[in-house]
Amino acid sequence: MLQNQLNESMKTLLLTGFEPFGGEHVNPSQVVVEGISTMSFANVNVITAILPVSRFAATQALSATIAQCKPDVVMMLGEAGTRTRISPERVAINLDDFRIPDNGGHQPQNEPIVPDGPAAYFTTLPIHKLVASMIAADIPAGISNSAGTYLCNRVFYWVMHLIHSQNLPIRAGFIHLPYLHEQSLNKRDCPSLARATQIEAIRLAILACVA
Ligand code: PCA
């Protein structure tokens, strides 16, 4: 976890990304989190963390980080290689159904994330506002209605359940990112967005969340 000196009078936002997975050498979410971690924000403390693409380690790391830094906002990022635009997610579902094994070799099929947990949670980030702020900056963005059934949906559901079950004063949500250009070069007809564009999109999202 990376954390500069915290200003107690400002809100704290936890920004997370994932390590590479699925044979890729980079993950746009890690690149964006690292880019944002070098910036200073006038009105928000931004704490960053990179999560393992491993079923239980990812959620354990998130629970520990949230308990430690007590954020007001949790913004989680991940790669969704087929997306053409920055995609704030609307809903997390209570399902682990992994298309490929994660980096720890887990491949659950049709299992609940939280047995007896609710079927789904809606994001509590202002996703329309996020999308509008990106489009106003000429960055392709749109709301997505499915975060999938892999690690990204899992951490999204996990955090929403933690917040609801412990009644925590935290707003949270997930944003999927397309491939970086360097990932799409050797793939046919594969959409991608530039690194600087993706970093700017998330900088705008952070500002929109704490405004
Ligand atoms: N994307 C995967 C998990 C890690 C990541 O960056 C997903 O969409 O579930």
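For Lys70, go through the aspartates and glutamates and keep the ones whose alpha-carbon is under 14 Å away, minus same-chain ones fewer than eight residues off. Within reach: Glu8. Computed on the chain, with alpha-carbon pairs under 8 angstrom and 6+ residues apart, the relative contact order is 27 percent. In the chain, the calculated helix contribution to ellipticity at 222 nm averages -10500 deg cm²/dmol per residue, counting -39,500 (n - 2.57) for every DSSP H run with n ≥ 4. Here, region 121-200 yields an orientationally averaged convex hull projection of 6.4 nm² when only Cα atoms define the hull. Using every pair of separate Cα atoms, the Kirkwood estimate puts the hydrodynamic radius of region 35-118 at 15.4 angstrom.
The value of relative contact order for region 108-193, using C-alpha pairs under 8 Å at least six residues apart, is 28 percent. Summarising the label geometry, the points placed 7 Å from Cα in the beta-carbon direction at Lys129 and Gln107 lie 4.2 nm from one another. The mean sequence separation of alpha-carbon pairs under 8 Å and at least six residues apart, normalised by the residue count of region 33-152, gives a relative contact order of 31 percent.
All Cα-Cα distances of region 86-161, cut into 10 Å bins from zero to the largest, leave 20, 42, 27, 11, 0 percent in each bin in turn. Sequentially through region 145-156, phi angles give Karplus couplings (6.51, -1.76, 1.60; θ = phi - 60°) of 9, 8, 8, x, 9, 10, 4, 5, 4, 4, 5, 4 Hz, Gly and Pro residues having no value and appearing as x. Put simply, the amide H of Ala172, placed in the peptide plane, has neighbours under 5 Å in Val74, Thr124, Leu125, leaving out anything fewer than 5 places away on its chain. In the frame of its principal axes, region 61-211 has Cα extents of 41, 38, 26 Å, reported largest first. Here the Karplus relation 6.51 cos²θ - 1.76 cosθ + 1.60, evaluated at θ = phi - 60°, turns the backbone of region 175-192 into coupling constants of 10, 8, 10, x, 4, 6, 3, 4, 7, 8, 4, 9, 10, 7, 6, 9, x, 7 Hz, with x for every Gly and Pro. When the scattering of region 43-82 is computed by the Debye formula from its Cα atoms alone, each counted once and equally, what is log10 I(q)/I(0) at q = 0.23 Å⁻¹? So the normalised log intensities work out to -0.85.
Quick note: the coordinates plus some simple rules give every number you see, no bench work behind them. Not measured: the values here are computed from a predicted model. Note: ideal-geometry Cβ built from the backbone for every residue, glycine included; neighbour counts use all protein chains shown.
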